[in-house]
Amino acid sequence: MRKRVKRLNLNTTKRSHDKLLIKNLFTSLIVYGVVTTTVKRAKSLKSYAQSLAADYAKQSDSRSLKRWANENISSMKFRKRAMDKLAALKDAFKVSIVKVAPRKGDNAVQYEVSILNFDQKKTDEQNNVAQG
């Protein structure tokens, strides 16, 4: 008997394209902190990011962290920056979704996916400089 399997369906032609799309969105989210996208992509990105952050927290040594980064961060250019950001947010990684203005071209509903406390490290450093 055929059973249905719940999976991403982002209206693309192939499953591999869905995976790469979410992987690229995750890389952008880690590097920039905010990504604006459609409803389906935002929801799937949130679940993907939460699960990968939990997986990142389980890694113990530097070799396994490098292997994890090679598998899950798509751009070699941003891999080091993304690893630094993830290390800073290791325990407090939360993703939020907020509805924003519709897209101009086709009036599609847009959502902003962001990491909470993304710039917290910068604000902590600025507070320390201001006090000292």
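The values are calculated or read from the model by the stated rules, or taken from the named source; none is laboratory data. Please read these numbers as outputs of a predicted model, since none were measured by experiment. We place every Cβ from the backbone using ideal geometry, glycine too, and count neighbours over all the protein chains shown.
On the basis of being modelled with pLDDT under 75 and outside any loop (DSSP other than H, G, I, E, B), does Asp91 make the cut?
No: the conditions fail for Asp91.
Would you check which residues across segment 1-50 are in a helix (DSSP H, G or I) and either small (Gly, Ala, Ser) or in contact with a Gly (Cβ under 8 Å, 6 or more places away or on another chain) (or both) and list them?
Those that are in a helix (DSSP H, G or I) and either small (Gly, Ala, Ser) or in contact with a Gly (Cβ under 8 Å, 6 or more places away or on another chain) (or both): Ser16, Ser28, Ala42, Ser44, Ser47, Ala49.
Of Val35, Val98, which residue is in contact with a Ser or Thr (Cβ under 8 Å, 6 or more places away or on another chain), loosely packed, with under 15 Cβ neighbours inside 10 Å and either closer than 19 Å to Leu10 by Cα or at pLDDT 85 or above (or both)?
Values: Val35 fails: loosely packed, with under 15 Cβ neighbours inside 10 Å.
Every option except Val98 fails the conditions.
Might you check whether a residue that is of a type in the set (Ser, Thr, Tyr), under 18 Å from Asp119 (Cβ atoms) and touching a Leu at 6+ places or on another chain (Cβ under 7 Å) occurs anywhere in segment 81-98?
Start the filter on segment 81-98 by keeping residues that are of a type in the set (Ser, Thr, Tyr), which leaves 96.
Still in the running and under 18 Å from Asp119 (Cβ atoms): 96.
Narrowing further to those that are touching a Leu at 6+ places or on another chain (Cβ under 7 Å): 96.
Checked segment 81-98: at least one residue is of a type in the set (Ser, Thr, Tyr), under 18 Å from Asp119 (Cβ atoms) and touching a Leu at 6+ places or on another chain (Cβ under 7 Å).
Residue check, Ala130 against (1) modelled with pLDDT of 85 or more; (2) of a type outside the set (Phe, Trp, Tyr); (3) part of a helix (DSSP H, G or I), all met but one. Which one?
(1)
Among the residues of segment 38-66, which ones are polar (S, T, N, Q), surrounded by 15 or more Cβ atoms within 10 Å (Cβ to Cβ) and without any contact (Cβ under 8 Å) to a residue 24 or more places away in the chain?
Taking segment 38-66 first, the residues polar (S, T, N, Q) are 38, 44, 47, 50-51, 59-60, 62, 64.
With surrounded by 15 or more Cβ atoms within 10 Å (Cβ to Cβ) added as a condition, the list becomes 44, 59.
Result: Gln59, single match.
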